[in-house]
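Structure, as structure tokens:
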Amino acid sequence: MTVVGILGSMYGIEGYNCDLELYANLITEFKPDVICGEVHPDTWNTYLSDKSKRGFWGEAEGIYYDWVFPYCEQNNVVFSPVDWFELDVWNDFDPFVKFEGTHKEKLQSQLLQWFERQKGVWNV
């Protein structure tokens, strides 16, 4: 049987009762044979060709470069990049691009407030 670990987005995990050490301990205890991570295939290929480069667009979190990729290499764990996005959408992403001035600022503020409420769920 193959044990597969799936890692989603881990942006800003600190402050949610999570940190690199927690994830490292969980993954080490889980002992996966394969890790599927939210990393674009081009980013993964760039890393494989030159481990000093951190992706084309900076989309993969540092935990992948700092711990997941080396863990996979040191423990013969297969890493499979499973993120996908269209570059034109990625480069032009701004949910409030059609708004200006104070209206845009108000929408951005509301988004930040919702994000803070979501984070609060993890801190119970």
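FYI, it's all coordinate maths here, none of it is from the lab. This one's a predicted model, so the numbers in the text were calculated from it and none came from an experiment. Please note: Cβ atoms are built from the backbone with ideal geometry, for glycine as well, and neighbour counts cover all protein chains shown.
Provide the per-residue ³J(HN,Hα) series for segment 43-49, in order, calculated from phi with Karplus coefficients 6.51, -1.76, 1.60 and θ = phi - 60°, each as a whole number of Hz, with x at glycine and proline positions.
Once θ is set to phi - 60°, the couplings for segment 43-49 become 5, 4, 5, 5, 4, 5, 7 Hz.
So who's got an amide H within less than 5 Å of the one on Gly5, skipping anything under 5 residues away but keeping other chains? H placed 1.01 Å off N, in plane.
The list, which skips near neighbours in sequence, is Asp33, Val34, Ile35, Cys36.
Give me a comma-separated list of calculated 3J(HN,Hα) values for segment 22-28, in order, Karplus coefficients 6.51, -1.76, 1.60 applied at θ = phi - 60°, integers in Hz, x for any Gly or Pro.
4, 4, 4, 5, 5, 5, 4
Read phi for every residue in segment 100-113 and hand back ³J(HN,Hα) as whole Hz from Karplus 6.51 cos²θ - 1.76 cosθ + 1.60, θ = phi - 60°, with x for Gly and Pro.
Rounded to whole hertz, the list is 9, x, 5, 5, 5, 4, 5, 5, 4, 5, 4, 4, 4, 5.
Of the listed peptides 73-84, 37-48, what is their order by residue-averaged count of other C-beta atoms within 10 Å, with the highest listed first?
37-48, 73-84
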